[in-house]
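The numbers here are math on the coordinates, done by the rules we state, and not lab data. Given the structure is predicted, the values throughout are model-derived calculations rather than measurements. Neighbour counts run over all protein chains shown; Cβ positions are idealised from the backbone, glycine included.
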Amino acid sequence: MIYKIFRTPEWEALRADGTTAGAPVDLADGYIHFSTAEQAPETAAKHFAGVDGLWLIGVDDATLGEALKWEVSRGGAKFPHLYAALTLEAVAWAQPLPLVDGLHQFPAGLK
């Protein structure tokens, strides 16, 4: 599994349209940024600090085919980048990512 953090309007747009090219940062970079379970909390802290109304989207990376590339990024770690639109069909699950005392609360056992 890989994970995407969306703001509520971005998640609602994907649900309504059935596909997305991603958030503004994804559009600017030319691919959709994802994180692994280990990377997701740092991604939230770095790029979404103090932001409420987020959604954590789980995607089975095996369903994305050759459009998914693992590339070196922050701190030399490899991050999953999708060079294609994300379809609603590819989303395994989605759940709110609540902000509690300034920290995003990730689901227990995220893998």
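If you scale each eigenvalue of the Cα gyration tensor by 5 and take the root, what three semi-axes come out for segment 38-82, rounded to whole angstrom and sorted largest first?
Working: eigenvalues 93, 47, 10 Å².
Value: 22, 15, 7 Å, ordered largest first.
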Take the chain, drop everything but the C-alpha atoms, weight them equally and run the Debye formula without solvent; then report log10 I(q)/I(0) at 0.12, 0.14, 0.16, 0.23 Å⁻¹ to two decimals. -0.37, -0.51, -0.68, -1.51
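What length, rounded to one decimal in nm, is gained on full extension from Thr19 through to Glu42, with 0.36 nm per residue of separation minus their alpha-carbon distance?
5.7 nm
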Förster-model FRET efficiency, 41 Å R0, Gln105 and Ala85, C-beta, rounded to 0.05: 0.90
Show log10 I(q)/I(0) for segment 1-56 at q = 0.19, 0.21, 0.23 Å⁻¹, two decimals, from a solvent-free Debye sum over equal Cα scatterers. -0.68, -0.83, -0.99
Between Leu27 and Ala62, how high is the FRET efficiency from 1/(1 + (r/R0)^6) when r is the Cβ-Cβ distance and R₀ = 25 Å? Nearest 0.05. 0.50
Under-5 Å amide H pairs with Thr19, H placed in peptide plane, nonlocal only: Leu88
Pair Asp52, Gln95: separation of 7 Å Cα→Cβ label points (nm): 2.1 nm
Helix-only estimate, please: 222 nm mean residue ellipticity of the chain, summing -39500 (n - 2.57) across DSSP H runs of length 4 or more and dividing by its residues, to the nearest 500. -6000 deg cm²/dmol
For the pair Ala77 and Thr8, the simple spin-label estimate (label points 7 Å beyond Cα toward Cβ) gives in nm 2.8 nm
Magnitude of the Cβ-charge dipole (Lys and Arg +1, Asp and Glu -1) of the chain about the Cα centre, nearest 20 debye, reported as 180 debye
